[in-house]
Amino acid sequence: MLSHLPILQVVVPLLAAPACLLLDRSRLVWIFTVLACGLSLLISMLLLYQVSQHGTLSYDLGGWDAPWGIEYRIDLLSAYVMLVVSGIATLVIVAAGTGLEREIPLEKQTVFYVTYLLCLAGLLGIVATGDIFNVFVFLEISSLATYALIAYGRDRRALWAAYQYLIVGTIGATFILIGIGFLYSLTGTLNMQDLAARIPDSAGSRTASTAFVFIVVGVCLKLALFPLHLWLPNAYAYAPSLVTAFLAATATKVAVYLLIRLHFSVFGEQFASSSLPLHGILLTLGLAGVFVASLVAIFQPDIKRLFAYSSIAQIGYMIIGIGFGTAIGLQATLLHLFNHALMKGALFLALAAVVYRLGSADISAFRGLGRRMPWTMAAIVIGGLSLIGMPLTVGFVSKWYLILAAIEAGMWPVALLVVTGSILAVVYVWRLVEAAYFQPPENELPEGLDGPDRREAPLTLLVPTWLLVLVNIYLGIDTRLTVGTSGAVASALLGGGQ
Amino acid sequence: MLPELYNYWVVILLMMTGFYIVIVQGNLIKKLIGLNLFQTSVFIFYISLGKVSGGSAPIFAEGVSSYSNPLPHVLILTAIVVGIATTALALALVIRIRNAYGTVEEEELQQRDLEC
Amino acid sequence: MLLLLAITALAIAWLRDLFAAVMLAGIYGLLSASFFVSVDAVDVAFTEAAVGAGIFPLLMLAALALVGRNEQTAYRRPLISLLLVSITGAALVLGTLDMPAFGSADAPPHNHVAVRYIEESPKEIGIPNMVTSVLADYRSFDTLGEVVVVFTAAMGVLGLLFTGRAASPGSATERANMYDHRVLRVVSKMLIPLILLFALYVQFHGEYGPGGGFQAGVIFAAGIILYAMLFGFGNAQRVVRPALLQILAACGVLIYGSVGVVCLLSGGNFLDYSQLLPDPLVGRHVGILVIELGVGITVASAMILIFYAFASATVNSEEVA
Amino acid sequence: MLTVVVIALLVVMVMALSRALLGPTIYDRILAVNVFGTKTVLLIAVVGFLFGRPDFLDIALVYALINFISVIGVLRYFEYSNDRHQGDNP
Amino acid sequence: MIALLLEGVSVLCLGTGIFLLVSGGVGLLRFPEVFSRMHAAGVTETLAASLILLGLMLLAGWGIVMFKLLLILLFILITSPTASHALAKSAVHGGLGVDPDRNETS
């Protein structure tokens, strides 16, 4: 059974979704979903162990070997990202047990859990597969499920945000489809491994570079890179807070993984930089993203939108890492991918607790929260600190490697800009802390919540948040696991990329 | 060289019309029609990749030597399904928006957003 | 043929009245399906006709019934978008310059992967329709993904619109359906069994001619929707209850998945049908038949569920409006 | 002989399309779509014959079916929309 | 001999089919008013279609192909009159009422 792990990783949540539609009572459905997510987390741990033992796993679906049938290739990078995705998914679903009662009417909860599992299966499918068209299919599954999840938000603007995200997402997916079409017309194959072998001999043609441009633009649309990020803030702000916690920590990360996978292992490093000045573009867009998003984040009244803009800024950091094109740069991106998932997961889960208790995520609701909900507020503060990149937190590690990469690539101004970016982050986190601890709590509460309800968030919401925060701190100190794996992956990719 | 590629250029013209409709149109439903147009023309692009002149449909029959390439057909079958699934979900969203906002025009939606 | 397509597309862009745009979108689907036929893409023409010209206009009309037909606003910032569109168009044209000519037999795609599909698939899988053999066996995981996409769409629509309350027969939708169309009701009473029979024919004919699970599901759903349109959604929902459909949709995906798991347990990789039965060729046949069935069930129930959700939305909007 | 039929069919389809585009009332457009549909059915049957592939006829049958259902759908939509907002049909 | 006869008859059918087709098409364009256009379209849909299909059947000879063609012919013969009937009914219902005694319409 151990040899079938790669396919089980995706099939377990995929088949759990229709199965849990059959048993219709919501308590049972929730337990079933938690079991499915736990199982997929277990499988991803085993996979990471297997891959670290004896290198890339290859699994031919339907028994047909590589270029003819579909092939699953799990290397260190995919195992690493899958661990992040399934870990966050399990934590969020545990918190969803009580977190959802106020947000989603009872009879729709079963369908919510089914869509959640489908989204998880889609994301895992993208990471595991080694076939480009399969990436497109699973990208569609996860995006459709995400549009549906966002539309569950209570606020009527959630519908409008979901619609905008749908239009932008579908255009992005169609661009990727056009890119795959061009690649197919050039090489005749869909398997990534096979493509990487056949692209260099047709590298000169304009078709290959156009295909590359279209695929990168499509992925950047999904990634919400700076100029194409307009859909993200509304989508994250108006979606149910637990959905935002799940999406913020996983959806954009999988898109970054896709960019890395296509950039390095399919097109190869020197092809990417030769076809168009990609490094220059990525660097400028990344930096622009950091500054604009952080500046806008400072003036946001709604905390969820604030963190959504800060996510765009963090993605900007990741893109800067890729922009360097060096092994250290890639390692910084991978580190930040892992750490950002932890940070944002913790922050949004804590926010979910606040919204659960107070019903709104507005800065006015935050006034005097430090006393009323000490634990949640402490989690938010620590998450904010690691967002800034304070030492002893996981954010510091990734910022440190980013600056190292900038210096090694000899781009002094970029290193300075990265530091000023984090200072901007300090401003908007401080705004939050100052509101929570120093401003007196308003005597009358927004829309008069009943008395006893205002104390700490329920345990099921707090435990996952604090679990993430502890992992945040632990990995900030003992960096062996994260730095080790990302270093190995970076050298493997860049080494293997040529 | 030019005449063979004529086919692809017409398809690209179709793609761009669909893309144009999606960007310019304010009405939500018209955007969906544009999106469907855009996707259908990408499918036509794929299928015209697979055509082998003189080849016949990829169903095994005696006496037929060269076939068209079956792989794009498989890809397109999946892509059509994806297209109709996205349209169905988008229409459900449009109906909910209509019930919630009372309008389907993008400008009015933005105004109503700014009010509250 | 392509010229006709281009004219319709431009007309759709130019038209203001939504209804005419939907009609033209139907014609566009029909035209692209006939283009597929002229380019030997038989299965795709089948699906595009059933979906592009069949389900898509119906879905649009159901939505238009709620949303109202005319489109007031003028174009928004047309020039910038025109510029953006022409840039992408130029990039695309640039991309096609180095591509092999249309229909040239020596192009890479034809002689790399596809050679095996054309040569060996009749022998290895033993069914003439190569597209179904690739769809159901070589790349069967894509088809599983396809089924899950339909299932997700149905779940999404269910979550958004479905209030779970079936339209009671006496409600408003009854009055609106075509009571006075005596001729239509008689003819369709005769036609619907024929349509459902044709759907089953397409389902199990998938190996030899154009057809297969997905097309059969769409035709089956079209038959039921025709019945619902003529005899009212109330008694249509009494005939095919929504709760039953949800279970059916889930079972379809599970059938497909369990075929894969059975292959897994019996030693082969996921979805490797040769493990199903001692004789690999027969095993493949059985495998393909069963997953086509799974696809057909899920697609049919998903499409009908979506239409029920749209119908139940019309009911609430009436109360609301 | 068959090629002549194909050309005639194409000509009629173009006529139907032009009627659909400029048809003043909505019913002209529905009529044009209906005519267009049946002509495509014939076109596919004839093209199937030209290439000598009998299994094209299944597609022609589906066309006729879908054409009928979409016309009924359109009329059903009309019945429905006429009851709700009387004023606005052309 | 028989083949020649069959060939001749099928060419005849196809010929008349085409003639009806084109005349119906022209009628569709030129007639002033919806209902007269409907008549023109009706001609093409039923008669011309069945003639052409008959011609094809003669060409195809016995066998599965002929059966399928027959199926299509039957299906068209059933559906297109009903469709135009429904269309006419909803046109009348929809306000394009034509009172029979007046010759030129509203």
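How far, in nm, would the chain grow between A:MET411 and A:LEU2 when pulled straight, counting 0.36 nm per residue and subtracting the alpha carbon separation?
Separation in residues times 0.36 nm, less the Cα-Cα distance, equals 142.6 nm.
To test your reading of the geometry: what angle, between 0 and 90 degrees and rounded to tens, separates the Cα axis of helix E:2-30 from the longest principal axis of chain E?
20 degrees
Peptide E:65-73: average number of partner chain Cβ atoms within 10 Å per residue? Walk me through the numbers before you get to the answer.
Working: counts 5, 1, 1, 9, 7, 0, 7, 10, 2.
Averaged over the peptide's residues, the number is 5.
May I ask you to list the residues of region E:36-71 whose amide nitrogen lies under 17 Å from a point 7 Å from Cα along the Cα→beta-carbon direction of D:VAL11?
The answer is E:41, E:44-45, E:48-49, E:52, whose backbone nitrogens lie closer than 17 Å to the label point.
Between C:PHE204 and E:PHE67, take the C-beta separation as r, use R0 = 22 Å, and let me know the FRET efficiency to the nearest 0.05.
For R0 = 22 Å, the calculated efficiency reads 0.80.
Rounding to the nearest 10 and keeping the result within 0 to 90°, find how far the Cα-based axis of helix E:49-60 lies from the longest principal axis of chain E.
Helix E:49-60 and the main axis of chain E meet at about 10 degrees.
Quick check: Cα centre of region A:83-115 to Cα centre of region C:226-289, how many Å?
Here the two parts' Cα centres lie 28 Å apart.
Take the Cα atoms of chain E, find their three principal axes, and give me the spread along each one in whole Å, biggest first.
Principal-axis extents of chain E (Cα, largest first): 57, 24, 19 Å.
Measuring from label point to label point, each 7 Å out along Cα→Cβ, what is the C:ASP17 to D:LEU50 span in nm?
Placing both labels 7 Å along Cα→Cβ, they lie 3.4 nm apart.
For chain A, report the % of Cα-Cα distances exceeding 45 Å.
Working: 10131 of 123753 pairs.
When all Cα pairs of chain A are counted, 8 percent exceed 45 Å.
By a straight-distance test (C-alpha under 30 Å), which lysines pair with C:LYS189 as possible cross-link partners, with residues fewer than eight away in the same chain excluded?
The reachable lysines, counting only those whose Cα sits under 30 Å from C:LYS189, are D:LYS39, E:LYS68, E:LYS89.
Helix E:34-43 versus the longest principal axis of chain E: what is the Cα-based angle in degrees, 0 to 90, to the nearest 10?
So the helix axis and the longest Cα principal axis differ by about 10 degrees.
Taking a quarter of the surface of the Cα convex hull of region C:129-320, what do you get in nm²? Don't skip to the end; give the middle numbers.
Numbers: hull surface 46.5 nm².
Mean shadow area of the hull around the Cα atoms is 11.6 nm².
Write down Rg/Rh for region A:220-341, rounded to two decimals, with Rg from the C-alpha atoms and Rh from the Kirkwood relation over Cα pairs.
Rg/Rh for region A:220-341 comes to 0.98.
Just the Cα atoms of region A:277-498, one point each, no solvent: what log10 I(q)/I(0) does Debye give at q = 0.08 Å⁻¹?
The Debye formula, applied to the Cα set alone, gives -0.31.
Please tell me the relative contact order of chain A in percent, rounded to the nearest whole number, where contacts are Cα pairs under 8 Å and at least six residues apart.
15 percent
Using r as the Cβ-Cβ distance of A:ARG371 and E:HIS39, and R0 as 60 Å, what FRET efficiency do you calculate, to the nearest 0.05?
Values: r = 84 Å, r/R0 = 1.39.
For R0 = 60 Å, the calculated efficiency reads 0.10.
For the pairs A:LYS253/A:LYS344; A:LYS222/A:LYS399; A:LYS108/A:LYS304; A:LYS344/A:LYS399, flag any whose C-alpha to C-alpha distance is greater than 19 Å.
A:LYS222/A:LYS399; A:LYS108/A:LYS304
Based on the mean of other Cβ atoms within 10 Å per residue, sort peptides A:147-160, C:240-253, A:76-89, A:2-15 so the most packed one is first.
Sorting A:147-160, C:240-253, A:76-89, A:2-15 by mean packing, highest first, produces A:76-89, A:147-160, A:2-15, C:240-253.
Quick one: if you stick a label point 7 Å off each Cα along the C-beta vector at E:THR16 and B:ARG112, how many nm between them?
6.0 nm
Readers should treat all values here as calculations from the given coordinates under stated rules, not as data from a laboratory. Keep in mind it's a predicted model, so treat the numbers as computed, not measured. All Cβ positions, even for glycine, are placed from backbone atoms using ideal geometry, and neighbour counts span all protein chains on display.
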